[in-house]
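*Asks:* Quick one: the structure is below, questions incoming.
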Amino acid sequence: MNDDLGLFTDDAGDAPRGGRAEERERLHRRRRRRIVTAFSGILVLLIVVGGAGYGVLQLLRLGSYEDYEGTGNGQVVIEVQPGETTSAIAGTLSERDVVASAAAFVQAAEGNSEIKGIQPGFYLMRSRMSGQAAVERIVSDKARAGMVEIRGGMQLADHNLPGGKVKKGILARLAAATCAREGNSQGCISKEELTRAATETPAAELGLPDWAAGAVSDVPHPRRRLEGLLLPGIYHVQPTAGPVEVLRSVLSDSFDKLRAVGLSNLASESGHSRYELLRIASLVQSEGITEDFGKVARVIENRLAIDMRLELDSTINYVVEDPQLYTDDEDRAEKGPYNTYNRTGLPPTPISAPSTAAVRAAANPAEGDWKYFVKCRKDGTSCFSKTFEGHKQAQDKAESNGV
């Protein structure tokens, strides 16, 4: 019996072989737990060290924490570039001594959801502001400076409106955007200074590309030579900038917009030069609502094709002192390069800022053989006609609709 039992013990006779296997399994499990625990500890240590390292890098990048007290004094103009982070803005503010340190601004900005909504452009800040005061100011409307919106159909010059009101033109709006002081006009460029710069500054100095510089070199009224070259959109004007610098900046942005819309290809496909296409687009913009742009463009093309006078009131209103929806016989009898009632072809320059929709419509007119149109509904919609008889009927419809 002892020999048989010996078959189930190890050489030393200490324990059954089955128990020995279980003991080995327990040892393996303990080793695995130790390894996992050790690995977890190393991982936590790496995370802590990494986080500390990142914090150190942040501190090195932002610099030490210092902060001013109060809301500051004087005035400092800073620019926020597209895509800049809060830290990048903080760096600019620190460099300009708006805040004592970038870290002061970043810390004050934590938890402020508006800080992520800061748009590119110029801001009027103050010197030696606390981080909290700088954050509160930069997200407020009163800090925003130099922003100008140009809308489709706007013109360079001011225009009189019924009731003695004046519709400010693009140049007046740009001039106002250069004001560098809150609540007064100190530091502003005048509308007259900007008009003089637009009229007299060499095209190359204004940054006009060759095709535009050549096209405006001999326009009959030099003060109108930049008309139509500023597309609708938001423009950022640096406060305190000079007249030429302002014009060069906004023109550069506008030509970027023209390249983005594909002006060169659109012109080639339409059979017009780039400048001709802008002239047509400005007429389309000034004569119709967006829904009618394609049809208005087709009427213009159909008339140009047979050397028929365009007879557009918008071109006459462009130069009269008190423009009206419909011109009178006296206005239409006045001779001049913009009077499309007594001369054929396009006016020498665009007559307004054409939208990208108007540019595309000018390049790709709707299909049709219309030669006449008139606003016939109060929402601005036009009625289009193939014949003069049809046009007269549309005019009667306009009158009955109270347009």
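*Asks:* Report, ordered by the first and then the second residue, all pairs with beta carbons closer than 7 Å, sequence separation of six or more or different chains, a first member in segment 303-319 that is part of a loop (DSSP other than H, G, I, E, B), and a second member that is of a type in the set (K, R) and open to solvent by less than 50 Å² (accessible area, probe 1.4 Å).
*Replies:* Here the result reads L310/R303, each pair linking segment 303-319 to a residue that is of a type in the set (K, R) and open to solvent by less than 50 Å² (accessible area, probe 1.4 Å).
*Asks:* Against the definition (under 28 Å from V77 (Cα atoms), within 20 Å of the chain's Cα centre (by Cα) and not β-branched (V, I, T)), how does P243 come out, yes or no? Walk me through it before giving the result.
*Replies:* Working: under 28 Å from V77 (Cα atoms): yes; within 20 Å of the chain's Cα centre (by Cα): no; not β-branched (V, I, T): yes.
No; evaluated as a whole, the condition is false for this residue.
*Asks:* I'm trying to understand the selection: among the residues of segment 235-246, which are part of a loop (DSSP other than H, G, I, E, B) and either of a type outside the set (S, T, Y) or buried (at least 21 other Cβ atoms within 10 Å of the Cβ) (or both)?
*Replies:* To start, the set of residues in segment 235-246 that are part of a loop (DSSP other than H, G, I, E, B) comprises 237-242.
Within segment 235-246, V237, Q238, P239, A241, G242 meet the criteria.
*Asks:* Return yes when S252 is more than 29 Å from P239 (Cβ to Cβ), open to solvent by 20 Å² or more (accessible area, probe 1.4 Å) and either of a type outside the set (A, V, I, L, M) or more than 17 Å from the chain's Cα centre (by Cα) (or both) and no when it is not.
*Replies:* No: the conditions fail for S252.
For every residue, the table says whether it meets (1) over 15 Å from S282 (Cα atoms); (2) touching a Ser or Thr at 6+ places or on another chain (Cβ under 7 Å).
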| position | (1), (2) |
| --- | --- |
| Y341 | yes, no |
| V359 | no, no |
| F373 | yes, yes |
| G390 | yes, no |
| D396 | yes, no |
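*Asks:* Additional query: Give me the pairs, please: first residue somewhere in segment 283-295 and more than 17 Å from R309 (Cα to Cα) and modelled with pLDDT of 95 or more, second residue anywhere and open to solvent by less than 20 Å² (accessible area, probe 1.4 Å) and of a type in the set (D, E, K, R), beta-carbon distance under 7 Å, and either six or more positions apart or on two chains.
*Replies:* none
*Asks:* Let me ask something else about it. Output the residues belonging to segment 258-272 that are closer than 20 Å to V296 by Cβ and not in a helix (DSSP H, G or I). Can you show your working first?
*Replies:* Initially, segment 258-272 is screened for residues closer than 20 Å to V296 by Cβ, giving 261, 263, 266-267, 269-272.
Answer for segment 258-272, where residues must be closer than 20 Å to V296 by Cβ and not in a helix (DSSP H, G or I): G271, H272.
*Asks:* While we're on this one: Within the set of pairs 6+ apart or on separate chains, which have a first residue in segment 144-172 that is of a type in the set (S, T, N, Q), a second that is part of a loop (DSSP other than H, G, I, E, B) and crowded, with 16+ Cβ neighbours inside 10 Å, and C-beta atoms under 6 Å apart?
*Replies:* Q155/G169; Q155/S352
*Asks:* Another question, then. Within the group A398, A394, A333, A363, which residue is under 29 Å from the mean Cα position of the chain (by Cα) and among the aliphatic types (A, V, I, L, M)?
*Replies:* Details: A398 fails: under 29 Å from the mean Cα position of the chain (by Cα); A394 fails: under 29 Å from the mean Cα position of the chain (by Cα); A333 fails: under 29 Å from the mean Cα position of the chain (by Cα).
Answer to the check: A363.
*Asks:* Only one residue in S101, S64 is polar (S, T, N, Q), open to solvent by 60 Å² or more (accessible area, probe 1.4 Å) and more than 29 Å from the chain's Cα centre (by Cα), so which one is that?
*Replies:* Details: S101 fails: open to solvent by 60 Å² or more (accessible area, probe 1.4 Å).
Every option except S64 fails the conditions.
*Asks:* Mind checking which pairs have a first residue in segment 377-403 that is basic (K, R) and a second that is surrounded by fewer than 14 Cβ atoms within 10 Å (Cβ to Cβ) and at pLDDT 90 or above, Cβ under 8 Å, 6 or more apart or different chains?
*Replies:* K386/D369
*Asks:* Answer yes or no: is there a residue in segment 362-375 that is out of contact with any strand residue (DSSP E or B) (no Cβ under 8 Å at 6 or more places or on another chain), of a type outside the set (S, T, Y), in a loop (DSSP other than H, G, I, E, B) and crowded, with 19+ Cβ neighbours inside 10 Å.
*Replies:* From segment 362-375, those out of contact with any strand residue (DSSP E or B) (no Cβ under 8 Å at 6 or more places or on another chain) are 362-367, 369; that's our starting set.
Going one step further and asking which of them are of a type outside the set (S, T, Y), we end up with 362-367, 369.
Within this subset, residues satisfying the condition of being in a loop (DSSP other than H, G, I, E, B) are 364-367, 369.
Checking the rest, the ones that are also crowded, with 19+ Cβ neighbours inside 10 Å come to 365.
Yes, because at least one residue in segment 362-375 is out of contact with any strand residue (DSSP E or B) (no Cβ under 8 Å at 6 or more places or on another chain), of a type outside the set (S, T, Y), in a loop (DSSP other than H, G, I, E, B) and crowded, with 19+ Cβ neighbours inside 10 Å.
*Asks:* Still on this model: Considering only segment 204-234, state which residues are of a type in the set (V, I, T) and open to solvent by less than 30 Å² (accessible area, probe 1.4 Å).
*Replies:* Looking only at segment 204-234, we keep the residues that are of a type in the set (V, I, T), and these are 216, 219, 234.
Once the filter is applied, which keeps residues that are of a type in the set (V, I, T) and open to solvent by less than 30 Å² (accessible area, probe 1.4 Å), segment 204-234 yields V216, V219.
*Asks:* Follow-up. Considering each residue of segment 340-361, count those that are part of a loop (DSSP other than H, G, I, E, B), open to solvent by 10 Å² or more (accessible area, probe 1.4 Å) and not basic (K, R), and give that number. Walk me through it before giving the result.
*Replies:* So the first thing to find is which residues in segment 340-361 are part of a loop (DSSP other than H, G, I, E, B), and the list is 340-355.
Adding the requirement that they be open to solvent by 10 Å² or more (accessible area, probe 1.4 Å) leaves 341-346, 348, 355.
Within this subset, residues satisfying the condition of being not basic (K, R) are 341-342, 344-346, 348, 355.
Residues meeting the conditions: 7.
*Asks:* Under 6 Å between Cβ atoms, at least 6 apart or on separate chains: pull out the pairs that start in segment 99-116 with a residue that is more than 9 Å from V135 (Cβ to Cβ) and free of Cβ contacts under 8 Å to residues at least 40 places away in the same chain and end on any residue that is open to solvent by 20 Å² or more (accessible area, probe 1.4 Å) and part of a helix (DSSP H, G or I).
*Replies:* Close Cβ pairs satisfying both conditions: S101/S94.
The values are calculated or read from the model by the stated rules, or taken from the named source; none is laboratory data. Given the structure is predicted, the values throughout are model-derived calculations rather than measurements. When we count neighbours, we look across all protein chains shown, and the Cβ atoms used for this are built from the backbone with ideal geometry, even at glycine. When the accessible area is computed, the model is the full protein with side chains, heavy atoms only, and any ligands, DNA or RNA have been set aside. Shrake-Rupley method; radii C 1.70, N 1.55, O 1.52, S 1.80 Å.
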